[in-house]
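Written out below as structure tokens is the structure these notes cover.
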Amino acid sequence: MTIARKLTLALLGCVTVAVTVYAMVAVRDQLARTESDIEEYEAFTAHALRPAIRDVWEKDGESRALELIQRAQQRLGNVEIRCVSLDAAAPPARRPHVDPSRLGELTAGEDVVIVDRDYQKVGRIFTYVPVDVGTPSIVALEVSRSLAGHADVRRTVVRNAALTAVGVAALSALVTTLLCLALIERPLSALVTQARRVGEGDLSSRIVTRRRDEIAVLGQEMNRMCDRLRELQESERAQGRAKTQALAQLRHADRLATVGRLAAGLAHELGTPLNVVHARAKQLAAGEHSAEDVHEKGRIIVEQVDRMTKLIRQLLDFARKREMKPAEVDLSSLVRNAAVLLEPLARKRSVSLEVAADAPLRGLVDSEQMTQVLLNLVMNAVHASGPGQTVTLSLRRGRAVPPPEDGGPEQPCVRVDVRDHGTGIPSDALPRIFEPFYTTKDVGEGTGLGLSVAYGIVKDHGGWMDVVSKPGEGSVFTVWLPERGRA
């Protein structure tokens, strides 16, 4: 229920109560005035008849006086006039209608007015005026009138009060509705609309008002709130852009550092094909050869050049800085390509690489960034391994519950495990292993960014990472990614 309706109903309730009280008071006052008018009329009638009755009684006797009273009643009609006696021996027709004990003041020559509201169930007003006619007993004129007209008076007053109540209520409802519509409902509707826009992220609209009441103050405060939110939004966007740029630069720096470490192994890997190319080219330049011999040496040179070109292109593609562009790819191919890139470095350290990723699994990833993750993990595993040890890359399906900070139910995933049998990670270092600039390597051997960058990339892809390690037994880093389908 709207505020306008509540105020209208409250006002109607107040008006109804007020009119009801007014009607009750009006009925009471009107009945009191009517009774007072009847009493005055009866007293006036009795005092007007008393001298004539006294004179007729003294000159012509009691019967003529009673005839005069009867003729007066016939003329007036609306009142009953009787001549009563307080003598206990008087006949019933001459006795007063009320208890004689209530007429004691007549003995002192005073008028008596009695209102009997229960008389014959409708009520009656009796006025007694003493008449001195020289008799031993007290004689009085009894002028009475029925209160049956009170019901008509009450109905008239109640009807008028009801009509007044209806008119006042209708006028009050109309005025209240118009005022509430202009002063409350429309301004509140504007505030609600503005609140919904803010809730939907629209901070451009403003509430325009020329009023100077509390609702106008609330509108002004909402405008100020929108201004502050917009400033905070712009500040947050600027910080977000700066953070994104810094993160991109950080990832690119880590990628270049990885390229630098790969270059050492790549230089050794390029040495063999360069020697082959040099030897075959020198033989060709030394003298004449048969066409078949020239063709064979040229084929060998082309093969070795293609091999070197492929290695260099892979390294340059990995080092190139670009924006994240997720696409559905075969994750098993990424795992094998990462192993190919790191094979020279692993061979240089006498470490074997094994890949268990036969079944193709699909994932929505940026291939270059996910390659960076795999290179960081495998390179750390190679560095942690000793000569003759093996680093294993495995790819398979699984189900897992996201970490508490991400939340969510258990879900199907693709998991990539990078396992080594090296020195392992101390238990006190595991909680901080993915923090930026934290490293367990010796000074000069690591920047502490590799795992942090890898974790951020995986988070950007909707996944997460975890690690299990025992000192002296090795470590297993697991990358969990949402599975997008099957090849």
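The values are calculated or read from the model by the stated rules, or taken from the named source; none is laboratory data. Keep in mind that this is a model prediction, so the values were computed, not measured. Because the Cβ atoms are built from the backbone with ideal geometry, glycine has one as well, and the counts that use them run over all protein chains shown. These area figures cover heavy atoms from the full protein model, side chains too; ligands, DNA and RNA do not enter into them. Shrake-Rupley method; radii C 1.70, N 1.55, O 1.52, S 1.80 Å.
Here are the numbers:
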{"read-out": "All positions within the range 95-123 that are open to solvent by less than 40 Å² (accessible area, probe 1.4 Å) and among the basic types (Lys, Arg)", "value": "none"}
{"read-out": "Residue within the range 21-28 that is assigned to a helix (DSSP H, G or I), open to solvent by 80 Å² or more (accessible area, probe 1.4 Å), without any contact (Cβ under 8 Å) to a residue 60 or more places away in the chain and of a type in the set (Phe, Trp, Tyr) present", "value": "no"}
{"read-out": "Selection status of Asn376, open to solvent by 40 Å² or more (accessible area, probe 1.4 Å) and either in contact (Cβ under 8 Å) with a residue 24 or more places away in the chain or not in a helix (DSSP H, G or I) (or both)", "value": "no"}
{"read-out": "Residue check, Pro136 of a type outside the set (Phe, Trp, Tyr), surrounded by fewer than 19 Cβ atoms within 10 Å (Cβ to Cβ) and not in a helix (DSSP H, G or I)", "value": "yes"}
{"read-out": "Whichever residue in the range 399-431 is out of contact with any Ser or Thr (no Cβ under 7 Å at 6 or more places or on another chain), at negative phi and small (Gly, Ala, Ser) and, among such residues, is least open to solvent (accessible area, probe 1.4 Å)", "value": "Ala400"}
{"read-out": "The listed residue being farther than 23 Å from Pro326 by Cβ, at pLDDT 85 or above and open to solvent by 20 Å² or more (accessible area, probe 1.4 Å), out of Gly444, Gly388", "value": "Gly388"}
{"read-out": "Filtered residue count, the range 139-161, keeping only those that are assigned to a strand (DSSP E or B), open to solvent by less than 20 Å² (accessible area, probe 1.4 Å) and of a type in the set (Gly, Ala, Ser)", "value": "2"}
{"read-out": "Selection count where residues are modelled with pLDDT of 85 or more and either of a type in the set (S, T, N, Q) or in contact with a Phe, Trp or Tyr (Cβ under 9 Å, 6 or more places away or on another chain) (or both), scope the range 3-45", "value": "2"}
{"read-out": "Residues within the range 74-100 that are within 17 Å of Tyr119 (Cβ to Cβ) and not in a strand (DSSP E or B), tallied", "value": "9"}
{"read-out": "Qualifying positions in the range 342-369 - without any contact (Cβ under 8 Å) to a residue 60 or more places away in the chain and assigned to a loop (DSSP other than H, G, I, E, B)", "value": "Arg349, Ser350, Val351, Ala357, Asp358, Ala359"}
